[in-house]
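This report refers to the structure that appears directly beneath it.
Read-outs throughout are calculated quantities, based only on the coordinates presented, and are distinct from any laboratory measurement. Note that the structure is predicted; figures quoted are calculated from it, not measured. Backbone-built Cβ (ideal geometry, glycine too); neighbour counts: all protein chains shown.
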Amino acid sequence: MSCIILRGRWCDTIVLNVHTPAEDKIDDIKNRFYEELEHVFDKFPKYHMTILLGDFNAKVDGEYIFKPKIWNESLHEISNDNGVRVVSFATSKDLTVRSTMFPQRNIHKFTWTSPDGKIHNQIEHILIDRRWHSSILDVLSFRAAECDTDNCPVVEAKVRERLALIKQTVHSVHMERFSLKKLNEVRLDQRKQAKLQWLQDPNGDNLNNIRCETSRHFRNKKREYQEDKIDELAVNSKKNIRDLYRGINDFKRGYQPSSNLVKDENGDLFADSHNILNGWKNYFSQLLNVHRVSDVRQIEIHTAELLVLLVP
């Protein structure tokens, strides 16, 4: 037997690996092994997640009385003596056999192969506490690894559990910081004072007053333009209703800068109106002026006469 303890965030994970006696061993050897296994298993805390795995030399079947512990995805139809002992131990310790609960192909179920390659058995299993049975997501065996043994050396089990993180002490390095007061005292403060002095100069034009006057002038011009457009739409609304709705949509969208850019054959952009007209002229001249092909080959079509035979 071998045991490993993995520190977890909320609870620890205890993994116990065992190798039970073979099926042909006498009952005394098997009884002593399970007594020792029970003695070791009872020492583990009950609130930790305990996983029991290894070579049990046990074949378990999907009998009705065994279904709560193994379900019906086992490779075998008949249980041997070790299989009954494993199920009895799992029942006494409230464990479930997770290796026989996932639907897999038979090549991913068996863990032992006879020397002639004709007999396959599923004798290695994974057991876990019933409270934590949902932590094992999948169990399957791989046959690719070659280790000179008749057992499948790799049995994969996907376990979902959060492990604890080891907190390392970080030594802080003392670094000298720049003094912001000294920076303000040198040049930034001087620039700020010079700007405030220029803005608040009573002898010169105040910059804030100039900005306010400019903004007021632009607002008045914009309002006059909008009033002129509204009067124009009101006059022309009776003549052309389409222009009225087009003008209303233009007011809703606001100012939209127009960009007249065209790409030439090389992908270069140009915005000159003369170059744009020449570009479209060349494009349509190449598109519409297609030279006709004069040499059209004549294709001879051979037909066959239908022959009908009338049989009296």
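Side notes on the structure shown:
- Greater than 24 Å apart at Cα, pairs in Lys229/Lys281; Lys192/Lys222; Lys30/Lys93; Lys93/Lys118; Lys25/Lys46: Lys229/Lys281; Lys192/Lys222; Lys93/Lys118; Lys25/Lys46
- Only lysines eight or more places from Lys195 in sequence, or on another chain, were considered; those with a Cα closer than 27 Å are Lys181, Lys182.
- For Ile14, Ile70, order by how many other beta-carbon atoms lie within 10 Å, fewest first: Ile14, Ile70
- Annotation: amide H-H contacts under 5 Å for Ser79 (H modelled 1.01 Å from N, sequence separation of 5 or more, or interchain): Asp61.
- Checking every one of the trypsin sites (Lys or Arg not before Pro) in segment 98-135 against DSSP loop status and a limit of 16 other Cβ atoms within 10 Å picks out Arg105, Lys118.
- As computed over segment 2-159, the Cα convex hull volume per residue (Å³): 122
- Farthest toward the positive end of the dipole of segment 2-159, out of Pro21, Val60, His48, is the Cα of His48, where the dipole comes from beta carbon charges about the Cα centre.
- Amide H contacts for Ile128 (H built 1.01 Å from N in the peptide plane; partners 5 or more residues away or on another chain; cut-off under 5 Å): Leu52, Thr96, Arg98.
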